[in-house]
1. For D80 and D44, what is the calculated FRET efficiency with R₀ set at 22 Å and r taken between the beta-carbons, to the nearest 0.05?
2. Share of the stretch 1-109's accessible area from carbon and sulfur, percent, 1.4 Å?
3. Kindly state, to the nearest 0.05, the FRET efficiency for S36 paired with A96, given R0 = 41 Å and r defined as their beta-carbon distance.
4. For S60 and T106 in one chain, what is 0.36 nm times their gap in residues minus the Cα-Cα distance, to one decimal in nm?
5. Per-residue HN-Hα couplings for the stretch 57-66, Karplus 6.51 cos²θ - 1.76 cosθ + 1.60 at θ = phi - 60°, whole Hz, x for Gly and Pro?
6. Under a point-charge model restricted to the Cβ atoms of Lys and Arg (+1) and Asp and Glu (-1), what is the dipole moment magnitude of the stretch 50-164 relative to its Cα centre, in debye to the nearest 20?
7. Considering the values [x] 2.03; [y] 1.36; [z] 1.16, which represents Cα Rg over 2.2 N^0.38 Å as calculated for the structure under consideration?
8. Quick one: which residues, 5+ away or cross-chain, put their amide H under 5 Å from the amide H of I45? H built at 1.01 Å from N.
Amino acid sequence: SLSIFVGTSTTLANLNTGALFNLFATSTDGTLVFASTTLAQTGDILRFVDSTNSPLFVISAEGALSASTTGAFGELLTLDGGFISSASSTVAGTLAVQDAISASSTISIGGLATLDGGFVSTASSSIGGVLTVTDHLSASSTLSVADVLTVDATATSSFTAGGLSVNGAIDVDS
């Protein structure tokens, strides 16, 4: 088969790539590949396809990059405009978020979530397990308990301005 070599190489090993087309830089400060669109271009700038002509890697006339499979990056990937995932995504390391994180649906966290600044819920919320409060429990409006309320305390409790309403029996163990 015929191979095409463009540029210079200092070693014979560099020429033994097995590729049909090779580009070698001729200086350390030059651009290896330069491509430019024309006014109102609609065709892709670059397109790699498989044997069935299905796109594998495409750079569109607008500069959008698309790939048909997983992209692997050895270093940091910066996405200045953000990213949109149309499928579930897995982060194998720490996900650091500099600003607010939001979800248009339910956010699910598999382990313990630490919220250093607290949390504010603007809707009703359900807790499926034990709610442990290590400091005092406060409500700016009504605190409602549907079943048994158990208070284990070594201090006294006081209620002011009619602040205790009970429907049913009160058991007091002293």
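The values are calculated or read from the model by the stated rules, or taken from the named source; none is laboratory data. Computed from a predicted model, the values in this text were never measured in an experiment. Don't worry about glycine lacking a Cβ; one is built from the backbone with ideal geometry, like all the others, and counts go over all protein chains shown. These area figures cover heavy atoms from the full protein model, side chains too; ligands, DNA and RNA do not enter into them. Shrake-Rupley method; radii C 1.70, N 1.55, O 1.52, S 1.80 Å.
1. For D80 and D44, the calculated efficiency is 0.50.
2. For the stretch 1-109, the apolar C and S fraction of the accessible surface comes to 56 percent.
3. 0.65
4. Details: separation 46, 0.36 × 46 = 16.56 nm, distance 3.42 nm.
Once the chain is fully extended between S60 and T106, it gains 13.1 nm.
5. Each residue of the stretch 57-66 in turn: 8, 9, 10, 6, 4, 7, x, 6, 9, 9 Hz.
6. Numbers: 0 positive and 9 negative charges, 48 e Å.
Result for the stretch 50-164 is approximately 220 debye, rounded to the nearest 20.
7. Identified label for the calculated read-out: [x].
8. Those lying under 5 Å, H to H, from I45 are I59, S60, A61.
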